[in-house]
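To start, the structure itself, in C-alpha cells.
The values are calculated or read from the model by the stated rules, or taken from the named source; none is laboratory data. Quick caveat: nothing in here was measured; it's all calculated off a predicted structure. For neighbour counting, all protein chains shown are included, and Cβ atoms are generated from backbone atoms with ideal geometry for every residue, glycine included. The area values use the complete protein model at the heavy-atom level, side chains included, leaving out ligands, DNA and RNA. Shrake-Rupley method; radii C 1.70, N 1.55, O 1.52, S 1.80 Å.
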Amino acid sequence: MLIKRSIDQFDIPLSSEITPRAVFESRRDFIKQIAAGSMATTALLEMASREVFAQNVGLQKLTAKTNPSYTVPDKTTPYKDATSYNNFYEFGTDKTDPAENAKTLKTRPWSVTIEGEVKKPMTLDIDALTRLAPLEERIYRLRCVEGWSMVIPWVGYSLSELIRKVEPTSNAKFVEFISLADKAQMPGVRSSVLNWPYVEGLRLDEANHPLTLLTLGMYGQILPNQSGAPVRVMVPWKYGFKSAKSIVKIRFVKEQPRTAWNQAAPGEYGFYSNVNPEVDHPRWSQASERRIGEDGFLAKKRKTLMFNGYNDVASLYTGMNLQKFF
Ligand code: MTE
C-alpha cells in the first residue's frame, strides 16, 4: 500500500492446552503410520517437514475439514511465502517487517468486544470465539491492491455465525472492524503513516455473506502474528486491505465507517474496494497480478478476475455503478 506523499469434533486444542500436546499427538500418529506402512514416501516427507516447521514456530494446531464449496483449485502459496511477505503496517511498512517485528505481539489473553447496534453486545475471549461455531478450512485467493496475490488455506467460520449471535438491530447497516493499536507492542503505531487504529468496514449484507470468514488460523495452525493473530477477517472478493488483522473490536453502526486507507487517500482506496480488473487504481492498472511464491518477477502475470473470481457476490451490487463505488 502506498500513499501519494511518498469444537471438539474439529480437533481444536485451545490455548490452555499448550503446544507440545499438539506436536506430541501428530508425531505419535506420524510414527504409527510409518509403522503401518500406510503412507507414500512423498506424503511422509511433506508431513515431516510441516511438522518440523510447526515445532520451529511453536504454533498450536488448528485443524478443520476443508469445505469444498469455499475452496479454489489454485495451487496453495507456500507457508514460508505467505508468512514472510506481509502487509501489517503496525509492524512496519516493508514486506518483511511484520515477520521480523510481530514477534512482540502478545496474542493471549485476547478478547474481542462486539458492540453498537446489536441487541446482545458481548466481549468474547479468543478461546470462546474459536469455539463459537464449527471451524472450516477454506482455500481462498487473496488479491492485494498492490498487484500481487496468494492462495491460502484459512481456518475459521462465516462471520454471519457471530452476527447471528449478537442480533443486530434494524439500525445496523455497516460493520466496523478495529485492530489493536498498542505502541508498546507495535512499533509501526508510533509512525503517522496511517491514522491508528487500523479500521475497516463492510456493509452488513457483505459481512453476512457466507464467504466472509472470521479467521482464526491458516495452514492447519493458529494464525502466526504477522498474519493477523489471533483473529482477522478475510473477505476474498475484495482487495486485501479490507481484511483487518488482529481485531479487538467489531462495531455495528448506522453510517458507513471511515476506514484507515480511505482516510489516508480517499481517491485511491474506496470503501467497497471490490477486486475489479476494469477499474484501475489511479496510479496503476488492476488488470493483472503476480502470484507470490509461484511466479518469479520475470514470469508472466495472470489476469485478475472480476470479484477475484467469486462471482456469487455480484448480486450484492446489482444496479450499482462500480466505477463510482470503487
Ligand atoms: N490489517 C491491519 N491491522 N494492518 C494492516 O496494515 N494490511 C492489509 C490487510 N490487513 C493491514 C491489515 C493489507 S494491505 C493486506 S494486502 C492484507 O492485510 C495482507 O494480509 P497478509 O499479510 O496476511 O497477506
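Below, the figures for the structure above:
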{"item": "Partners for LYS183 among lysines (Cα-Cα distance below 26 Å; same-chain residues under 8 apart left out)", "result": "LYS4, LYS95, LYS103, LYS106, LYS242, LYS245, LYS249"}
{"item": "Extension gain (nm, one decimal) between GLU255 and ALA184, 0.36 nm per residue minus Cα-Cα", "result": "22.4 nm"}
{"item": "Cα centroid of segment 223-243 to Cα centroid of segment 272-326, whole Å", "result": "18"}
{"item": "Base-10 log of normalised Debye intensity for segment 139-266 (one unit scatterer per alpha-carbon) at q = 0.10, 0.16, 0.17 Å⁻¹", "result": "-0.31, -0.81, -0.92"}
{"item": "Those lysines that a straight Cα-Cα span of less than 17 Å connects to LYS75, excepting residues fewer than 8 apart in one chain", "result": "LYS300, LYS301, LYS303"}
{"item": "Where segment 58-191 is the region considered: accessible area per residue in Å², 1.4 Å probe", "result": "42"}
{"item": "Hydrodynamic radius by Kirkwood, which averages 1/r over all alpha carbon pairs of segment 271-326, in angstrom", "result": "12.6"}
{"item": "Long-range amide H partners of GLY217 with built H, under 5 Å", "result": "VAL155, LEU223"}
{"item": "Förster-model FRET efficiency, 25 Å R0, MET320 and LYS173, C-beta, rounded to 0.05", "result": "0.95"}
{"item": "Chain lengthening between ALA128 and LYS80 when straightened (0.36 nm per residue, less Cα-Cα)", "result": "14.4 nm"}
{"item": "Packing-based order for 215-227, 90-102, using average beta carbon neighbours within 10 Å, highest first", "result": "215-227, 90-102"}
{"item": "Coil-residue GluC sites (Glu not before Pro) of segment 130-194, DSSP, other Cβ within 10 Å capped at 11", "result": "none"}
{"item": "Protection proxy ranking, peptides 207-214, 76-83, average beta carbon neighbours within 10 Å, highest first", "result": "207-214, 76-83"}
{"item": "Once the Cα gyration tensor of segment 208-299 is diagonalised, semi-axes √(5λ) in Å", "result": "23, 22, 12"}
{"item": "Rounded to the nearest 20 debye, dipole of segment 230-312 from Cβ charges on Lys, Arg, Asp, Glu", "result": "300"}
{"item": "Cα→Cβ-extended label distance, 7 Å offset, between LYS301 and ASN67, nm", "result": "3.2"}
{"item": "Sequence ranges 314-323, 284-293, ranked by mean other-Cβ count within 10 angstrom, highest first", "result": "284-293, 314-323"}
{"item": "R0 of 30 Å, Cβ-Cβ distance LYS106-SER285: FRET efficiency to nearest 0.05", "result": "0.15"}
